[in-house]
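Structure first, then comments.
The values are calculated or read from the model by the stated rules, or taken from the named source; none is laboratory data. Note that the coordinates shown come from a computational prediction; the quantities given were computed from them, not determined experimentally. A quick note on method: Cβ atoms are made from the backbone with ideal geometry, for glycine too, and the neighbour counts reach across all protein chains shown. Ligands, DNA and RNA are excluded from the accessible area calculation, which covers all protein heavy atoms including side chains. Shrake-Rupley method; radii C 1.70, N 1.55, O 1.52, S 1.80 Å.
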Amino acid sequence: MIAVISDDFTGAAEVGGIALRNGYSVTIDTSVNANYDCDILVIATNTRSLCTVEAQKQIREVTEELLKLKPDFIYKKTDSLLRGKIGEELEVQLTVSGKKKVLLVPANPAMNRTIVDGIYYLNKIPLMESDFSGDEFERRATSSVLDMIGDEYRDQAFSVSLGQKIPKEGFIIGNTPTNEDLMGWAKIIDDTMLPAGGASFFNAILRTIKKEESALKKEFSFGKKALYVCGSNHLPSREVVREVKETGGSVLYMPKSILCADNFEENITQWIDAITAAIEQKDKVIIAVDTLECKKTEELSCSIKEIFATVVKKVLEKVNLDELLIEGGATAYAIIEHLEYKKFYPEQEFAQGVIRMKIEEKKEMHLTLKPGSYQWNESVWKF
């Protein structure tokens, strides 16, 4: 069995889709248990949203529990744009695993996310000069991958290209200008290394193990009643939602009276009733956040995911959904925690990162996840 630790829930689902694509059976769990019947086990954590101490504690515990299962190897799934506590988490996992070095390959050339000479490029533009928005990038203000993994790891981190000598210890970050480089890095992994990085690098690793992709394409029938939870602040994602609303689709934006209130639970019932009524009448409904200004801007992202989680739980108490679709890893994790869903079985990969899964605790409903910066697939985005 191959084990994967992901730093967010949508990343775990993306890895699950890649496992399906390569012909592997896969289970996604939020904690490590004793018995699994699968080729690939993915543990979905929420460490990207935790403080450093809590994130390191969780990574340590998960790694220790996974090692007891004696997997073939453990892959650390990171954000492809190196958001989160990359160095802090990898340092702990490296120590617990007893490995000498990390081989970190986060790039995804197929999505124009490349690393050349230690600089991260998005659409051939250095990341910090690109139009990709996000508070984390604004705080770091660097396109150097050696800086992006954390200042305290700068002295033990190396930017290396294929064919160059690999340091015996430390953080090796692979320059990856092309998809062929992904395969090249996958082929040099050995027992001294902790492999880590994006979903595309994991796909390359699986292709070196089992070269034939799965020929099985499951037919699927998308359920009638569906709730889309769009929790990403990524501008293109918000524009897609706005287009649906402008063309007559059922979009219910979070009211300012809820988001900006001191106690949102006292103001939430009316919105829940509106969402429930819309599902009964329209079948497919989007809930999202429009541009809102509140005094408590520092707490805004946390408030949004907590409100979404509360709303989804109460909506599900009132209506039966066939499909729950969630955009954004932090939002997805908050929702499944409120719903107490723990184990998932990926069934379809509609597009990279857009994964539909069965839920162990609610078998009559499917869950589809998508990272905020990816695009919805047309087969599930019809209004």
Full-extension gain between Ser25 and Glu317, please, as 0.36 nm times their residue separation minus the C-alpha to C-alpha distance.
101.9 nm
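How high is the FRET efficiency between Cys51 and Asp131 when r is their beta carbon distance and R₀ equals 25 Å, given to the nearest 0.05? It would help to have the intermediate numbers written out before the result.
On the way: r = 29 Å, r/R0 = 1.18.
Calculated value: 0.25.
For the chain, what proportion of DSSP beta bridges, expressed in % and rounded to the nearest 5, is antiparallel?
Among the beta bridges of the chain, antiparallel pairing accounts for roughly 30 percent.
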Distance cut-off 32 Å, Cα to Cα: go down the list Lys100/Lys210; Lys68/Lys313; Lys256/Lys282; Lys68/Lys342 and report the pairs above it.
Lys68/Lys313
Net length gained if the chain between Lys342 and Ile166 were fully extended (0.36 nm per residue, minus Cα distance):
59.4 nm
Measuring from label point to label point, each 7 Å out along Cα→Cβ, what is the Ser257 to Lys245 span in nm?
1.7 nm
Please report, in whole Å³, the volume per residue of the convex hull around the C-alpha atoms of region 67-208.
105 Å³
Starting from the Cα of Ala351, step 7 Å toward the Cβ, then list every residue of region 236-255 with an amide N under 16 Å from that point.
236-244
Listed candidates (1) 20.6; (2) 18.3; (3) 23.4 - label of the one calculated as mean projected area of the Cα convex hull in nm²
(2)
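Calculated FRET efficiency, Ile209 and Ala277, Cβ-Cβ r, R0 41 Å, to nearest 0.05?
Details: r = 50 Å, r/R0 = 1.22.
E(calc), rounded to 0.05, equals 0.25.
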Modelled label reach - Leu69, point 7 Å along Cα→Cβ, region 3-41 residues with backbone N closer than 12 Å:
3-6, 26-41
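Return the carbon/sulfur percentage of the accessible area of the chain, one whole number, probe 1.4 Å, all protein chains in place. Don't jump to the answer; show the numbers that get you there.
Working: 7860 of 17340 Å².
Reported share for carbon and sulfur atoms: 45 percent.
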Show that you can apply the helix-only estimate: for the chain, add -39,500 (n - 2.57) for every DSSP H stretch of four or more residues, divide by all residues, and state [θ] at 222 nm to the nearest 500.
-10000 deg cm²/dmol
Most fluctuating of Thr291, Thr27, Thr52 in the GNM of the chain (C-alpha, under 10 Å) is Thr291
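Full extension from Arg60 to Arg154: what is 0.36 nm times the residue separation minus their Cα-Cα distance, to one decimal in nm? If you can, show how the numbers build up before the last one.
Numbers: separation 94, 0.36 × 94 = 33.84 nm, distance 2.20 nm.
Once the chain is fully extended between Arg60 and Arg154, it gains 31.6 nm.
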